[in-house]
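The values are calculated or read from the model by the stated rules, or taken from the named source; none is laboratory data. All figures in this text were calculated on a predicted structure; none of them were measured in a lab. Here the Cβ positions follow ideal geometry from the backbone for every residue, glycine too, while neighbour counts run over all protein chains shown.
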Amino acid sequence: MFDSDFVFGVSTASYQIEGSIDKDGKCKSIWDTFASKKGNIADKSDGKTVCDSYVKYKDDVKILKQLGVKSYRFSIAWTRVINEHNEVNQKGLNYYINLCKELVKNNIKPLVTLYHWDMPQWLEDIGGFLNDDISDYFAHYTDVVTKALDGLVDNYITINEPQCIMQLGHRVCVHAPGVKYNDMEMLHAIHNLLKCHGKAVKVIRNNVKNSKIGIAPCSRPMVPTDRDNALLEKKCYEKYFELKRDYEYPNTVSIYSDPVFLGDYPKEYYEIFKDILPKITKEDLELISQPVDYIYQNFYSGNYCSLDKNNNLIKNDFYFGYPEGNIDWLQVVPETLYYGPKYLYERYKKPIIISENGFCNNDTISLDGRVHDPERIDYIRRYLIELEKVSKIVPIKGYYYWSLFDNFEWNSGLKKRFGLVFVDYRNGRRIKKDSFKEYKKIILK
Ligand code: NOJ
């Protein structure tokens, strides 16, 4: 059993579910641009309609109500609420006001993500995260949103998965905007992104009474194959927070979370990047590390590890016969939800909320008209067993399943389904999967 203030929820994000990409004055985001280019999306799909949540938001809330979640995490499209002239677009803003009113009326607490990857194209055109004014633009946008949602929303996440923004959007370039940064630009952009977070925290604290704030990175913990081996666990912990100057550093934990929670980049940062450091002032670091309330974290998978005969950490590629998903990076490693929160709490000492966790499957509609997804049920149950275990030693305050609906899985398109609700993209029909009923049972327990 979790604590009495523990919250079960589900997560979504604007571009992945809303559709209506040019309605009511919405301007273009980098994902509109990216998805329209040939070869970028595996199945040639895009966000034009997807779950049609811009139109069907009242149905969305009905479904949430039936599911029994206490909270709904969704993101706001910057491009709907601010136009190319950096002015407020009231029509777009109204959509979120109406959605939040509907949620609150139904006793579902909104958890709003301010940035879930859909940067306005006009801002990208003037440099995106490399533009030193980006944090002011973000603060302005945050100010508009928080004032408009005053009295409806007090829980905010500033930025979703900075790791993917940088590694996938600006290094591997399989995500929007697909603009490659060199190392010097990368560090500069990461610093500007952290300043966006810091300025947004300041604005939210100013505008919202009783605000609860966090940032939602993602990570993939090292999981000891032997739970009783203290040396192995210590090495797993060290590896999880390690920062090296390699291809993967934009994807690491400490480069973002140390400045936010500890007030500075890890000390090795200054050493390994000494020839290309961005300008970092004391004021910047104070801004970035203003107190937040939670460590949000998106966890899907981990790496089983053991020690070789010289006590060096090695990754093990074996898995234990758990169901396999259909997306290459998602191996089922339930202990992810034990060790991930444990390591984070040991280093940063703040209550933890799992802002995403979910399973991707080849779901189909059966002859009986239903969607049977025992693998997803198995995944949720196994992961929650581990989360419950760790909650005995770490304050765990919530779990948000990703995702309420099948939706636009970025460059992988529509074929990768994570939802508790199946979406038939031919006609917009929504079908509750077996996992929907199972999650409901878990919530009500
Ligand atoms: C992380 C992202 O936040 C979300 O947008 C994505 O769809 C899921 N994980 C699954 O890949």
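Quick notes on this structure:
- Yes/no for Ala176 being of a type in the set (Gly, Ala, Ser) and either modelled with pLDDT under 95 or crowded, with 23+ Cβ neighbours inside 10 Å (or both): yes
- Residue in the range 356-374 that is within 30 Å of Gly263 (Cα to Cα) and crowded, with 20+ Cβ neighbours inside 10 Å present: yes
- Close pairs (8 angstrom Cβ cut-off, 6 or more residues apart or separate chains): among the hydroxyl-bearing types (Ser, Thr, Tyr) in the range 37-55, outside any loop (DSSP other than H, G, I, E, B) anywhere: Ser45/Ala35; Ser53/Ile17; Ser53/Asp60; Ser53/Phe405; Tyr54/Tyr95
- Residue check, Val69 of a type in the set (Val, Ile, Thr), modelled with pLDDT of 95 or more and in a loop (DSSP other than H, G, I, E, B): yes
- Entirely in the range 263-364, the strands (runs of 3 or more DSSP E) that have 2 or more residues that are under 30 Å from Leu404 (Cα atoms), away from the ligand (no atom under 16 Å from the Cβ) and not basic (Lys, Arg): 303-307
- Residues satisfying the stated conditions in the range 28-60, i.e. buried (at least 22 other Cβ atoms within 10 Å of the Cβ) and away from the ligand (no atom under 16 Å from the Cβ): Tyr54, Asp60
- Looking only at residues of the range 313-341 that are more than 19 Å from the chain's Cα centre (by Cα) and among the charged types (D, E, K, R), we find that the one that is surrounded by the fewest Cβ atoms within 10 Å (Cβ to Cβ) is Asp317.
For every residue, the table says whether it meets (1) hydroxyl-bearing (Ser, Thr, Tyr); (2) touching a residue at least 12 places away in the same chain (Cβ under 8 Å); (3) surrounded by fewer than 21 Cβ atoms within 10 Å (Cβ to Cβ).
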position	(1), (2), (3)
Lys392	no, no, yes
Ile396	no, yes, no
Lys432	no, yes, yes
Tyr439	yes, yes, no
Ile442	no, yes, yes
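- Checked against (1) touching a Lys or Arg at 6+ places or on another chain (Cβ under 7 Å); (2) among the hydroxyl-bearing types (Ser, Thr, Tyr); (3) under 28 Å from Cys305 (Cβ atoms), Ser219 passes all but condition (1).
- All conditions but one from (1) touching a helix residue (DSSP H, G or I) at 6+ places or on another chain (Cβ under 7 Å); (2) closer than 29 Å to Leu114 by Cβ; (3) not hydroxyl-bearing (Ser, Thr, Tyr) apply to Pro323; the one that does not is (2).
- Matching strands (runs of 3 or more DSSP E) fully within the range 368-444 where at least 3 residues are under 19 Å from Ser75 (Cα atoms) and within 16 Å of the ligand (Cβ to nearest atom): 396-402
- Residues being in a loop (DSSP other than H, G, I, E, B) and farther than 30 Å from Lys279 by Cβ - total across the range 218-247: 7
- Taken as a whole, the range 100-117 holds at least one residue that is closer than 17 Å to Leu152 by Cα, surrounded by fewer than 18 Cβ atoms within 10 Å (Cβ to Cβ) and hydrophobic (A, V, I, L, M, F, W, C).
- From the options Gly178, Gly198, Gly169, residue that is in contact with a helix residue (DSSP H, G or I) (Cβ under 9 Å, 6 or more places away or on another chain) and at positive phi: Gly178
- When Lys234 is tested against the conditions (1) in contact with a strand residue (DSSP E or B) (Cβ under 8 Å, 6 or more places away or on another chain); (2) without any contact (Cβ under 8 Å) to a residue 24 or more places away in the chain, the lone failure is (1).
- Some residue of the range 431-444 being farther than 16 Å from Ala13 by Cα and touching a Ser or Thr at 6+ places or on another chain (Cβ under 9 Å): no
- The range 169-192 residues that are more than 17 Å from Leu243 (Cβ to Cβ) and touching a residue at least 60 places away in the same chain (Cβ under 8 Å), paired with ones that are part of a helix (DSSP H, G or I) and small (Gly, Ala, Ser) (beta carbon under 8 Å, 6 or more apart): His170/Ala189; His175/Gly169; Ala176/Ala35; Ala176/Gly169; Pro177/Gly128; Pro177/Gly169; Gly178/Gly169; Asn192/Ser135
- Every residue from the range 235-250 that is within 19 Å of the chain's Cα centre (by Cα) and crowded, with 22+ Cβ neighbours inside 10 Å: Tyr240, Tyr249, Pro250
- Residue list for the range 71-121, restricted to those being of a type in the set (D, E, K, R) and either touching a Leu at 6+ places or on another chain (Cβ under 6 Å) or more than 14 Å from Ile30 (Cβ to Cβ) (or both): Arg73, Arg80, Glu87, Lys91, Lys101, Glu102, Lys105, Lys109
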